[in-house]
Structure formats: structure tokens, C-alpha cells
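Step one of this worksheet: look at the structure below.
The values are calculated or read from the model by the stated rules, or taken from the named source; none is laboratory data. These numbers come from a predicted model, not from an experiment. So basically every Cβ, Gly included, is an ideal-geometry build from the backbone, and we count neighbours across all protein chains shown. Only protein heavy atoms, including side chains, enter the accessible area calculation; ligands, DNA and RNA are left aside. Shrake-Rupley method; radii C 1.70, N 1.55, O 1.52, S 1.80 Å.
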Amino acid sequence: KAGVTQTPRYLIKTRGQQVTLSCSPISGHRSVSWYQQTPGQGLQFLFEYFSETQRNKGNFPGRFSGRQFSNSRSEMNVSTLELGDSALYLCASSGRQGAYEQYFGPGTRLTVT
Amino acid sequence: AQSVTQPDIHITVSEGASLELRCNYSYGATPYLFWYVQSPGQGLQLLLKYFSGDTLVQGIKGFEAEFKRSQSSFNLRKPSVHWSDAAEYFCAVGARGANNLFFGTGTRLTVIP
């Protein structure tokens with residue numbers, strides 16, 4: 001089975017712009033979670049989608065949003081980018097909802113200048 | 001509130017030596033516990049998980065972990081470390097019914113020949 005794929009792998013944006021990141025889960029997985037990883041804050045949960053519905057949300061501002069499509073692919077969007085949004089954004093998929101094992105993609109490295 | 005503490009930021013071991021990485025968690029109910037490994041520039045790979053039952057769990061790459069409820073710990077062990085084990089290791093706790101994991105700050109493992 002193919003693993004979790006994330007596109008693009010690297011991205012450079014300017015402050016104030018917006019960005020959309022994409023995640024394709026493992027085939028058959030319906031849950032997709034997003035995490036932000038920074039040297040200062042570590043790994044932090046952004047949100048989780050299951051069957052196209054946001055089930056859980058972390059403590060991030062409204063500039064961070066996401067959605068999930070009927071094929072379980074997910075996108076996250078960050079509007080009005082700030083320098084502090086520079087991070088590795090990781091997507092994880094799970095076969096079911098409920099903190100069962102999650103499988104992570106390679107991440108998208110976002111740099112905001 | 002859930003939290004995970006990994007008290008060792010960096011550990012150096014000789015190849016062939018044994019390894020123990022510490023993890024303490026805080027969680028109000030029975031936790032789901034995980035260990036992940038991250039190589040530079042990569043996503044997270046699941047090493048092992050504990051949901052219930054036998055408190056000693058086996059994972060991939062020869063790793064094992066022991067859940068000790070009385071100590072709120074879930075330490076990761078390996079009897080003989082290989083140079084390829086050099087990476088960053090993350091302990092995480094999750095709750096039933098939710099896919100948001102809380103991660104520790106990670107322990108960076110260096111293996112010297």
C-alpha cells in the first residue's frame with residue numbers, strides 16, 4: 001500500500017500571502033489529522049477530519065483551516081502568513097477515528113519570508 | 001490536561017550498547033501511548049503502540065516499551081543499538097475517541113561507533 005503523500009514537499013511564501021497544502025491518506029483511511037512541527041513548540045495538533053467533517057481542532061488561530069474531500073484527501077490552508085508559521089506541516093492518516101495508530105506523511109516544509 | 005514529558009533532550013550511546021528512552025505522561029483516563037521515530041527531513045514512523053493488555057509491547061526494529069501505570073511511564077528500550085537508530089524519538093499520548101495526539105519534545109539519539 002502506498003503511504004501518506006503530501007504535496008508540495010517544500011514551499012517558500014511571503015508574509016501576508018496564503019498557502020494551501022495537500023495530503024492524500026493511505027488508501028481506505030478516512031481520518032486525516034494535521035500537525036505543525038517547529039523547533040520552539042514541537043509537534044502540535046492542528047485539526048482532524050473524518051468523513052469530510054472536522055472532528056477535533058487544536059489551539060490555533062482561525063487563519064488555519066482545512067477541509068476533506070469525499071475521497072478522503074485533505075487540504076489545509078493558512079491565510080495571511082506570518083513569519084512564525086514557518087514549520088514542517090505533517091499529515092497523518094488513520095483507518096478509523098479514535099487515537100488508533102496514525103501514519104504520517106513526509107511533511108511539507110513551509111518557509112515564510 | 002494531557003501532557004508528555006521526555007526528560008532527556010539528547011542521548012549518546014555506543015553502537016551495540018543498550019538504550020532506554022524515558023517518557024512520562026499525564027492523562028486522566030487510560031491513555032493510548034505511542035513511540036514514533038523521525039529521521040532528519042522525514043515524517044514520523046510509528047515504532048510501537050499501547051492500547052491495553054500486556055504492558056510490555058514489542059515494536060519494529062527491535063524496540064520494546066513497557067507501560068507502568070503506577071509511574072505514568074512508557075519507556076522505550078532496545079537491547080543493542082545500531083548506527084541506523086540515530087534519529088529523534090517522540091513519545092505521544094492519545095485519548096479514546098479522538099485522533100489528536102499530544103507529543104513530547106523528543107529525544108535526539110546519537111550513536112557513536
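Observations, loosely collected:
- To the nearest 10, the accessible area of A:SER79 is 40 Å² with a 1.4 Å probe.
- Accessible area in the full protein assembly, largest first, 1.4 Å probe, for B:ASP54, A:ASP85: B:ASP54, A:ASP85
- The distance linking region A:17-62 with region B:20-79 is 23 Å (Cα centroid to Cα centroid, whole angstrom).
- Calculated SAXS-style log₁₀ I(q)/I(0) at q = 0.09, 0.20 Å⁻¹ - chain A, Debye, Cα scatterers: -0.20, -1.02
- Basic side chains Lys and Arg get +1 at the Cβ, acidic Asp and Glu get -1 at the Cβ, and with that the dipole of the protein assembly as shown about its Cα centre reaches some 480 debye.
- Of the listed residues B:ILE9, B:ILE60, the order by accessible area with a 1.4 Å probe, largest first, is B:ILE9, B:ILE60.
- Using alpha carbons only: equivalent-ellipsoid semi-axes of chain B, gyration tensor based, whole Å: 23, 14, 12
- Among beta bridges identified by DSSP and lying wholly in region A:10-113, the antiparallel ones come to about 90 percent.
- Atom-type composition of the exposed protein surface of chain A places 45 percent of the accessible area on carbon and sulfur (1.4 angstrom probe).
- Computed over protein heavy atoms with a 1.4 angstrom probe, the accessible surface ordering of A:HIS29, B:HIS10, largest first, is B:HIS10, A:HIS29.
- Long-range Cα-Cα pairs in the protein assembly as shown (distance over 32 Å), rounded percent: 18
- Legend: calculated FRET efficiency, B:SER80 to A:THR80, from the Cβ-Cβ distance at R0 = 35 Å, rounded to 0.05, equals 0.10.
- Only protein heavy atoms count here; under a 1.4 Å probe, B:LYS61 has an accessible surface of about 110 Å².
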